[in-house]
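The values are calculated or read from the model by the stated rules, or taken from the named source; none is laboratory data. Bear in mind the structure is a predicted one, so any value in this text is a computation, not a measurement. Cβ atoms come from the backbone with ideal geometry, glycine included; neighbour counts cover every protein chain shown. Ligands, DNA and RNA are excluded from the accessible area calculation, which covers all protein heavy atoms including side chains. Shrake-Rupley method; radii C 1.70, N 1.55, O 1.52, S 1.80 Å.
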Amino acid sequence: MTLKNRNLWLIAPAVTLIGVCFLYPVLWLLQRSVSEPVWGLQNYETVFGKAVYVGVLWNTASIAGATTLLCALIGFPVAYSMVHSRPWIRKLLIFVVLIPFWTSILVRSFAWLVILQRGGIINDLLIGIGLIAQPLDLVYNRFGVLLGMVQILLPFMVFPLFSVMARIDGSFFKAATNLGANPLRAFFRVYLPLTMPGLATGAMLVFIISLGYFITPEMLGGRGDTMIAQLIFQRIDEFGDWPLASALAIVLLVGTGLLFIVINSIFKLRGGRS
Amino acid sequence: MTEPLLKLDNIGKAYGAVDAAKDINLDVAPGEFVTFLGPSGSGKTTTLMMVAGFTEPTAGHIHLGGKPLDPIPVWKRDIGMVFQHYALFPHMSVAQNVSFPLEMRGVSKRDRKQQVEQALEMVGLSGFGKRLPKELSGGQQQRVALARAMVFRPSLLLMDEPLGALDKKLREHMQLEIMHLHKNMGTTVIYVTHDQEEALVMSDRIAVFNNGRIEQIGSPRDLYEAPQTKFVADFIGETNFITGKAEAVSGQGARVRGLAGQLGTDLNEGAPAVLAIRPERLHVVNGHAVEGDDNSLSGTVREVIYLGQSRKAIIALEDGTEVSALEQAAQAEATALEVGAPAALSFRARDARILADV
């Protein structure tokens, strides 16, 4: 018996924890979703059949998708600057990206509310300098949700990108330009593909975390921005509708899992090639 | 010399008060293989990077094919380059890598395919097109880098210590292959290395760099047989130095401590100087030097090293200077040397160089 196998019992606490606190509740949810009010898939039929629920599923996917895209667009230059700046600027940037990360999501969402609402800092300022007459709707809509979520989730994009970019040898870019690529083509043909592992990891993290987001859309979103986690809460809190809530939770879990597997397999294929 | 392909006209690169390269003057003829040789930090790579366009000179001008190169950005210079660690794009196959420069130049897909195949055949890698760089050995990656740098037929090929990452045997093999490619293709090559043996084997001419300047430019034979500075004599091959002052300076020759040699550069009477003599140019005999004999030295045998085809003797002169003498096996057999015994060294004045001691 190898040393590795003999020490397998060391993972027992972790296995127990996951088994008791995760696997058991999930199985319990799964059972409720297919057994109440009678055995069958009626709860799932509701989730995928009723326009309201399909709308929420679509909201969830599109908000998560938009958040991911925005995080990538904003995070890429940030990570790039972090890699290619002097040590003290790099430290400063890392600090700036990390600070909000250490603050509670609840506090940050409230802070956005203070900044964005009709009588908030931005509107007061714009009206004060005479740029606008009526306050802008900056919150309780998709804009507010995306702003809040992008700000909160940005570090999940920046750090994987940073670690990948830091390992890219500068001579690849040099070689590309030497071989006749102008800087723009060198970027798209050589640099960007080399950052793919970081971009994919970051995108997966941001997208999957976004899918289950609750507090930010609840506080900064409007009626049309309800996400799946809010709907689950609503079904239980307002209607005590455990079976439908369970079905929604299982859909979220399975959807996330499938996505993970798909991205991972695409990425493994690429990873094997790069 | 015909019209030079590449002309470095007094170029230099200063970082603040530090000169990474200074007063670099060099003409490279079409088809020539020129090596930049020097220790690390001597300015050879800086100079290469200025030619490639990655570093902007702070002084002087570069001309390629008679046209000024300074205003042309890297991607329009039409200069091929092999990087130290090859810099093959890891996300592209071998064929895609080699095809890249052609694609950037708008060559049609069909022509690209044909030229890539030709280039891979040239470096002996036909059939490897679909592989990824990481699936190849170091030597094979080196060849792909060569194919990629040559496939678009640049007028000038730069190589930045391309064999540094390979083991000795492979390195020697690749040296020959690069030389053959150079001969067959007629490409003009600038090759950077810190390995003097490599430079001697491969080059038409060598520019020896030291402290950001070129110390001497010449054929391998020139540099070895007729070094103009102490640094060149020391850096290329093994040399014994006997220090003193320049005496009896006259036209071609001078003396140091009474020993006669050829003048490497102009020297003033009494200036600090060294007499440089290669170990294989020293003749060793047992016993003391004959008084009054020209160009002979007395000393004591310190060490005798058997090297198979030759023998190396380390002999301490009376003032403590250690001198090494190398003799071929046949010659060595005639004079058995014993450690601790007296020995006499002699050499011909035309084999010794008298150089400024700096």
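Below, the figures for the structure above:
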| quantity | calculated |
| --- | --- |
| Flag for B:Ala207 being open to solvent by 10 Å² or more (accessible area, probe 1.4 Å) and in a strand (DSSP E or B) | no |
| Residues of the stretch B:335-346 satisfying the condition of being in contact with a Ser or Thr (Cβ under 8 Å, 6 or more places away or on another chain) and closer than 13 Å to B:Leu282 by Cβ | B:Ala343, B:Ala344, B:Leu345, B:Ser346 |
| One residue from B:Leu307, B:Leu259, B:Leu282 being outside the structural domain of B:Glu32 (by TED's automatic domain parsing) and open to solvent by 70 Å² or more (accessible area, probe 1.4 Å) | B:Leu307 |
| In the stretch B:213-243, the residues that are within 29 Å of B:Glu318 (Cβ to Cβ), buried (at least 20 other Cβ atoms within 10 Å of the Cβ) and of a type in the set (A, V, I, L, M, F, W, C) | B:Phe231, B:Val232, B:Ala233, B:Phe235, B:Ile236, B:Ile242 |
| Output for the stretch A:188-218, where each listed residue is touching a residue at least 12 places away in the same chain (Cβ under 8 Å), within 30 Å of B:Arg105 (Cβ to Cβ) and of a type in the set (A, V, I, L, M, F, W, C) | A:Val190, A:Leu194, A:Met196, A:Leu199 |
| Residue in the stretch B:331-340 that is open to solvent by 20 Å² or more (accessible area, probe 1.4 Å), part of a strand (DSSP E or B) and over 16 Å from B:Thr243 (Cα atoms) present | no |
| Positions within the stretch B:252-268 being in contact (Cβ under 8 Å) with a residue 12 or more places away in the chain and either at positive phi or of a type in the set (Val, Ile, Thr) (or both), in sequence order | B:Val256, B:Arg257, B:Thr265 |
| Single match in A:Val107, A:Val78, A:Val97 (criterion: within 20 Å of the chain's Cα centre (by Cα), more than 16 Å from A:Leu147 (Cα to Cα) and part of a helix (DSSP H, G or I)) | A:Val78 |
| Residues located in the stretch A:163-195, provided they are under 24 Å from the mean Cα position of the chain (by Cα), open to solvent by less than 40 Å² (accessible area, probe 1.4 Å) and more than 8 Å from chain B (Cβ to nearest Cβ) | A:Val164, A:Met165, A:Thr195 |
| Unmet requirement for B:Leu146, which otherwise passes all of (1) modelled with pLDDT under 95; (2) in a helix (DSSP H, G or I); (3) surrounded by fewer than 23 Cβ atoms within 10 Å (Cβ to Cβ) | (3) |
| Residue list for the stretch B:67-82, filter: open to solvent by less than 50 Å² (accessible area, probe 1.4 Å) and either touching a residue at least 60 places away in the same chain (Cβ under 8 Å) or touching a Lys or Arg at 6+ places or on another chain (Cβ under 9 Å) (or both) | B:Leu69, B:Val74, B:Ile79, B:Gly80, B:Met81, B:Val82 |
| Check on A:Gly198, more than 10 Å from chain B (Cβ to nearest Cβ), part of a helix (DSSP H, G or I) and over 13 Å from the mean Cα position of the chain (by Cα) | yes |
| Residue that is more than 30 Å from B:Asp78 (Cβ to Cβ), in a loop (DSSP other than H, G, I, E, B) and either assigned by TED's automatic domain parsing to the domain that holds B:Val82 or at pLDDT below 90 (or both), where the choices are B:Glu172, B:Glu269 | B:Glu269 |
| Members of the stretch B:90-111 found to be surrounded by fewer than 22 Cβ atoms within 10 Å (Cβ to Cβ) and within 9 Å of chain A (Cβ to nearest Cβ), listed by number | B:Pro90, B:His91, B:Met92, B:Ser93, B:Glu103, B:Met104, B:Arg105 |
| Residue match in the stretch B:44-65 (condition: loosely packed, with under 15 Cβ neighbours inside 10 Å, over 23 Å from A:Ala186 (Cα atoms) and more than 9 Å from chain A (Cβ to nearest Cβ)) | yes |
| Residue check, B:Ala246 modelled with pLDDT under 90 and either under 29 Å from B:Pro342 (Cα atoms) or open to solvent by 30 Å² or more (accessible area, probe 1.4 Å) (or both) | yes |
| Residues within the stretch B:60-104 that are at positive phi and β-branched (Val, Ile, Thr), tallied | 0 |
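Condition check ((1) assigned to a loop (DSSP other than H, G, I, E, B); (2) of a type in the set (Phe, Trp, Tyr)) across all residues:
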| site | (1), (2) |
| --- | --- |
| B:Pro4 | yes, no |
| B:Lys22 | no, no |
| B:Leu26 | no, no |
| B:Phe54 | yes, yes |
| B:Pro57 | yes, no |
| B:His61 | no, no |
| B:Ile72 | yes, no |
| B:Gln96 | no, no |
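A quick yes/no check of all residues on (1) closer than 30 Å to B:Leu156 by Cα; (2) polar (S, T, N, Q); (3) assigned to a helix (DSSP H, G or I):
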site	(1), (2), (3)
A:Phe143	no, no, yes
A:Gly148	no, no, yes
A:Pro160	no, no, yes
A:Val164	no, no, yes
A:Ala175	yes, no, yes
A:Ala181	yes, no, no
A:Arg185	yes, no, yes
A:Val206	no, no, yes
A:Thr216	no, yes, yes
